[in-house]
Amino acid sequence: MENNSSTLLQLQARFGEDAFTQQATKDEMLTLWTPMDKIVDVLTFLKKEVAEPFKLLFDLTAIDERTKNRGANHVPKSSFTLVYHLFSFPRNEFIRLKVALIGDFPTAPSISSLWANANWYEREVYDMFGIRFSGHPHLSRILMPRTWVGHPLRKEHPARATEMGPFQLYDDKVDLEQAALKFNPEEWGLQRQSDDSDFMFLNIGPQHPGTHGVLRIILQLDGEDIVDAIPDIGFHHRGAEKMGERQSWHTYIPYTDRVDYLGGVMNNLAYLQGVEKLAGIEVPERVKYIRVMLCELFRIASHLVWYGTFAQDVGQLSPVFYMFSDREKIFDIIEGICGGRMHPNWFRIGGVAQDLPKGWEALVQSFIDYFPKRLKEYDAMVMKNSIFKARTVGIGIFTAEEAIEWGVTGPNLRACGMDWDFRKKRPYSGYEMFDFDIPTASNGDCYDRAVVRVAEMRQSLRIVEQCLKNMPDGPFKSDHPLTTPPVKKNTMHDIETLITHFLGVTWGPVIPAGEAMSCIEATKGANGYYLTSDGNTSPYRVRIRTPSFPHMQMLPYISKGYTVADLLSILGAMDYVLADIDR
């Protein structure tokens, strides 16, 4: 539960008791409706003036309210709602601010001059909802092609291909699309020349071995030096949030696997924590341990992909083969437990799909015995390698203050010396029961980001070992009636139970109306799901806050003044996944 009263009293003292309408939510986060003409002042006060300020703009999104079944929820009437999530590190507290917008294509004031990372979030809201932000420096589409017609997260926009006509690619459309891909420097406020030289504009992508996915970066170069960079994202955008509105609560689970596709079941956990808050479901202790064990195994697997490809990006070829082989050993454990490997889709509302199989202990123990000596080999092979150090030490430096300003979380923040980890500071899924450390570094460069992730693998191994030694007995699923699917043996008891089982599997549970946000420490940083229910078998709104989105937004800021070769080090040390950016 948030320490809400102090923050609310400070806001009311500054802006008046009648300035806000408080809303009760299932996650018990302080949620305040704020008049549009006061939102910038309120946000400025929370960031700069209040004691123990809310310096992190965690997320900024919107909800199309026009078709919502509001029931008896007494909140301001709105066509669209802007939602701001802020976080205060000294308070260890979130706050949610809402602004009601009226009309089909409303306008709101931009806060891109207040928070650097608000730039992309506002562009995304414009792209997805058609809401304009006055004062934004470059309000343009960001995830959809520039030629796209409509705004996909509006309720009138179709959610299925079958709701659209057949796609046809005419010659004039080809010409239109090709013209839209042409980069115009003046459009982005970039100069073609300086007083003493002409700048060169270089396309990296939209397909390139050093970008870990389909990404386009346009570099403004003075010789080999980077003057500016414009990331062009959206090539992996598949409408993951839109899919959430058409799927039932439980059939959406496998879609989450594909967001950070290296994080596996960790994506399931971030989503399910929000669903379980909405439904009031408490999971058994055994479920918590199972989930933590699999999440930490996937953290190691994800870090191994980063480790090998990062070394490859800066010139080492051998490590990626060794590390992918070790990742396969983790997948052997995942397959033995879940049946799947990279996308096991194994967590369920209120529990997991089935209990741990016989022999799981031997699989896990074998990896615990094997992996530490491999990490030592990799220390000598990569971390102590003089070329690796030359390519990473002192490159891509940023401070903790800059990281927070841009919305950076996870290992990239901890490499700046800030020991913030949601597993420790705001424990979930039973992490408070485990003994582990939070690795940090001090320089905030590419090398330190590597130091932190390597140390994290060792800590994850400690957690997995504790799961092995302390795994409690008990059920693998909550007995709450909204867990899906119910335990199969109970379905043959009577016809009512069989019907309940059938409806639970086909339609899925009816989740009570309300809203809740979950936040976990994913492999790349803070991953949050903000879920809204209007009391139906499908979510009304699914918002996915991924760590990679703000990280990539920071790329131009941390790459200016470095060379093209350094850019590959900066990208590799960032550890992003394009699907995690684009959703």
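The values are calculated or read from the model by the stated rules, or taken from the named source; none is laboratory data. Since we're looking at a predicted model, the values are computed, not measured. Note: ideal-geometry Cβ built from the backbone for every residue, glycine included; neighbour counts use all protein chains shown.
Counting just the residues of region 208-220 that are outside any strand (DSSP E or B) and out of contact with any Gly (no Cβ under 9 Å at 6 or more places or on another chain), which one comes out modelled with the highest pLDDT? First the steps, then the outcome.
Here is the first cut: in region 208-220, the residues outside any strand (DSSP E or B) are 208-215.
Filter once more, so that each one left must be out of contact with any Gly (no Cβ under 9 Å at 6 or more places or on another chain): 208-209, 213.
Values: 208: 61, 209: 54, 213: 73.
Looking at the filtered set, the residue picked out is 213.
Which of the residues spanning region 434-446 are closer than 17 Å to residue 409 by Cα and either of a type in the set (S, T, N, Q) or crowded, with 18+ Cβ neighbours inside 10 Å (or both)?
Across region 434-446, the qualifying residues are 439, 440, 441, 442, 443, 444, 445, 446.
From the list 180, 159, pick out the single residue that is within 26 Å of residue 540 (Cβ to Cβ), over 21 Å from the mean Cα position of the chain (by Cα) and outside the structural domain of residue 64 (by TED's automatic domain parsing).
Numbers: 180 fails: within 26 Å of residue 540 (Cβ to Cβ).
Checking each option against the conditions leaves just 159.
Residues of region 42-54 being surrounded by fewer than 16 Cβ atoms within 10 Å (Cβ to Cβ) and not polar (S, T, N, Q), which ones?
Within region 42-54, the subset surrounded by fewer than 16 Cβ atoms within 10 Å (Cβ to Cβ) is 44, 48-49, 51-52.
Result: 48, 49, 51, 52.
Need the failing condition index for residue 223 against (1) touching a Gly at 6+ places or on another chain (Cβ under 9 Å); (2) more than 23 Å from residue 296 (Cα to Cα), just the number.
For residue 223, the exception is condition (1).
From the list 120, 148, exactly one residue is within 29 Å of the chain's Cα centre (by Cα) and part of a helix (DSSP H, G or I). Which is it?
Numbers: 148 fails: part of a helix (DSSP H, G or I).
Criteria check complete, one pass: 120.
Could we say that residue 473 is in contact with a Lys or Arg (Cβ under 7 Å, 6 or more places away or on another chain) and in the same structural domain as residue 272 (by TED's automatic domain parsing) here? Lay out the reasoning, then the answer.
Details: in contact with a Lys or Arg (Cβ under 7 Å, 6 or more places away or on another chain): yes; in the same structural domain as residue 272 (by TED's automatic domain parsing): yes.
It is true that residue 473 is in contact with a Lys or Arg (Cβ under 7 Å, 6 or more places away or on another chain) and in the same structural domain as residue 272 (by TED's automatic domain parsing).
Does region 64-86 include one or more residues that are within 30 Å of residue 421 (Cα to Cα), buried (at least 17 other Cβ atoms within 10 Å of the Cβ), out of contact with any strand residue (DSSP E or B) (no Cβ under 7 Å at 6 or more places or on another chain) and modelled with pLDDT of 90 or more?
no
Sort through 387, 397 and tell me the only one that's over 18 Å from residue 455 (Cα atoms) and either touching a Lys or Arg at 6+ places or on another chain (Cβ under 8 Å) or in a helix (DSSP H, G or I) (or both).
Values: 397 fails: either touching a Lys or Arg at 6+ places or on another chain (Cβ under 8 Å) or in a helix (DSSP H, G or I) (or both).
On inspection, the qualifying residue turns out to be 387.
Considering every residue within region 410-430, establish whether at least one is within 19 Å of the chain's Cα centre (by Cα), part of a helix (DSSP H, G or I), crowded, with 19+ Cβ neighbours inside 10 Å and of a type in the set (Phe, Trp, Tyr).
Among the residues of region 410-430, at least one is within 19 Å of the chain's Cα centre (by Cα), part of a helix (DSSP H, G or I), crowded, with 19+ Cβ neighbours inside 10 Å and of a type in the set (Phe, Trp, Tyr), which makes the answer yes.
Please work out if residue 327 is among the basic types (Lys, Arg), within 26 Å of the chain's Cα centre (by Cα) and within 29 Å of residue 248 (Cβ to Cβ).
No.
I want to confirm something. Restricting to region 222-246 and keeping residues that are touching a helix residue (DSSP H, G or I) at 6+ places or on another chain (Cβ under 7 Å), aliphatic (A, V, I, L, M) and farther than 17 Å from residue 260 by Cβ, which single residue is surrounded by the fewest Cβ atoms within 10 Å (Cβ to Cβ)?
230
What are the residue pairs meeting all of these: first residue in region 26-48, first residue outside the structural domain of residue 532 (by TED's automatic domain parsing) and over 30 Å from residue 280 (Cβ atoms), second residue of a type in the set (Lys, Arg) and exposed (fewer than 15 other Cβ atoms within 10 Å of the Cβ), Cβ atoms under 6 Å, and 6 or more apart or on different chains?
What qualifies is 45/14.
Enumerate the helices (runs of 4 or more DSSP H) found wholly within region 511-583, keeping only those where 1 or more residues are surrounded by fewer than 24 Cβ atoms within 10 Å (Cβ to Cβ) and of a type in the set (Ser, Thr, Tyr). So that I can check it myself, show each step before the final result.
Values: elements: 548-553, 555-559, 564-574, 578-582.
Passing ranges, in order: 555-559.
Do we find a residue being under 22 Å from residue 383 (Cα atoms), out of contact with any Gly (no Cβ under 8 Å at 6 or more places or on another chain) and in contact (Cβ under 8 Å) with a residue 40 or more places away in the chain anywhere in region 262-272? Write out each step before concluding.
Initial filter on region 262-272 (under 22 Å from residue 383 (Cα atoms)): none.
No.
Just a yes or no: is a residue in region 196-219 among the hydrophobic types (A, V, I, L, M, F, W, C) and closer than 30 Å to residue 63 by Cβ?
Within region 196-219, the subset among the hydrophobic types (A, V, I, L, M, F, W, C) is 199-202, 204, 214-215, 217-219.
Add one more test, that the residue is closer than 30 Å to residue 63 by Cβ, and what stays is 214-215.
Checking region 196-219: at least one residue is among the hydrophobic types (A, V, I, L, M, F, W, C) and closer than 30 Å to residue 63 by Cβ.
I'd like the full set of residues that are part of a strand (DSSP E or B) and either closer than 18 Å to residue 131 by Cβ or free of Cβ contacts under 8 Å to residues at least 12 places away in the same chain (or both), limited to region 49-82.
Scanning region 49-82 gives 57, 59, 60, 61, 62, 63, 64, 80, 81, 82.
Of everything in region 464-493, what is in a helix (DSSP H, G or I) and buried (at least 21 other Cβ atoms within 10 Å of the Cβ)? Give them in sequence order. Break it down stepwise before answering.
The first filter runs over region 464-493 and keeps only residues in a helix (DSSP H, G or I), leaving 464-470, 488-492.
Within region 464-493, 464, 467 qualify.
Suppose we filter region 265-295 for residues that are closer than 15 Å to residue 526 by Cα and not hydrophobic (A, V, I, L, M, F, W, C); how many remain?
Residues in region 265-295 being closer than 15 Å to residue 526 by Cα and not hydrophobic (A, V, I, L, M, F, W, C): 5 in total.
Across region 315-336, which residue is farthest from residue 374 (Cα to Cα) among those that are of a type in the set (A, V, I, L, M) and either part of a helix (DSSP H, G or I) or touching a Pro at 6+ places or on another chain (Cβ under 6 Å) (or both)?
334
Of all residues in region 494-510, which are of a type in the set (A, V, I, L, M, F, W, C) and either part of a loop (DSSP other than H, G, I, E, B) or within 32 Å of the chain's Cα centre (by Cα) (or both)?
Those that are of a type in the set (A, V, I, L, M, F, W, C) and either part of a loop (DSSP other than H, G, I, E, B) or within 32 Å of the chain's Cα centre (by Cα) (or both): 503, 505, 507, 510.
Hey, any hits in region 264-281 for a residue that's at pLDDT below 90, buried (at least 20 other Cβ atoms within 10 Å of the Cβ) and in the same structural domain as residue 455 (by TED's automatic domain parsing)? Lay out the reasoning, then the answer.
Here is the first cut: in region 264-281, the residues at pLDDT below 90 are 264.
Now narrow it down to the ones that are buried (at least 20 other Cβ atoms within 10 Å of the Cβ): 264.
This time we only want the ones that are in the same structural domain as residue 455 (by TED's automatic domain parsing), so: 264.
So far as region 264-281 goes, yes, one or more of its residues are at pLDDT below 90, buried (at least 20 other Cβ atoms within 10 Å of the Cβ) and in the same structural domain as residue 455 (by TED's automatic domain parsing).
Do we find a residue being out of contact with any Asp or Glu (no Cβ under 7 Å at 6 or more places or on another chain), in contact (Cβ under 8 Å) with a residue 24 or more places away in the chain, outside any loop (DSSP other than H, G, I, E, B) and of a type in the set (S, T, N, Q) anywhere in region 83-106?
Looking through region 83-106, none of the residues is out of contact with any Asp or Glu (no Cβ under 7 Å at 6 or more places or on another chain), in contact (Cβ under 8 Å) with a residue 24 or more places away in the chain, outside any loop (DSSP other than H, G, I, E, B) and of a type in the set (S, T, N, Q).
Provide a single number: the residues in region 494-509 that are under 15 Å from residue 539 (Cα atoms) and crowded, with 17+ Cβ neighbours inside 10 Å. Walk me through it before giving the result.
Pass one, region 494-509, residues under 15 Å from residue 539 (Cα atoms): 507-509.
From the residues that got through so far, the ones that are crowded, with 17+ Cβ neighbours inside 10 Å too are 508-509.
Residues meeting the conditions: 2.
Among the residues of region 9-42, write down those that are in contact with a strand residue (DSSP E or B) (Cβ under 6 Å, 6 or more places away or on another chain) and over 17 Å from residue 100 (Cβ atoms).
Across region 9-42, the qualifying residues are 26, 27, 29, 30.
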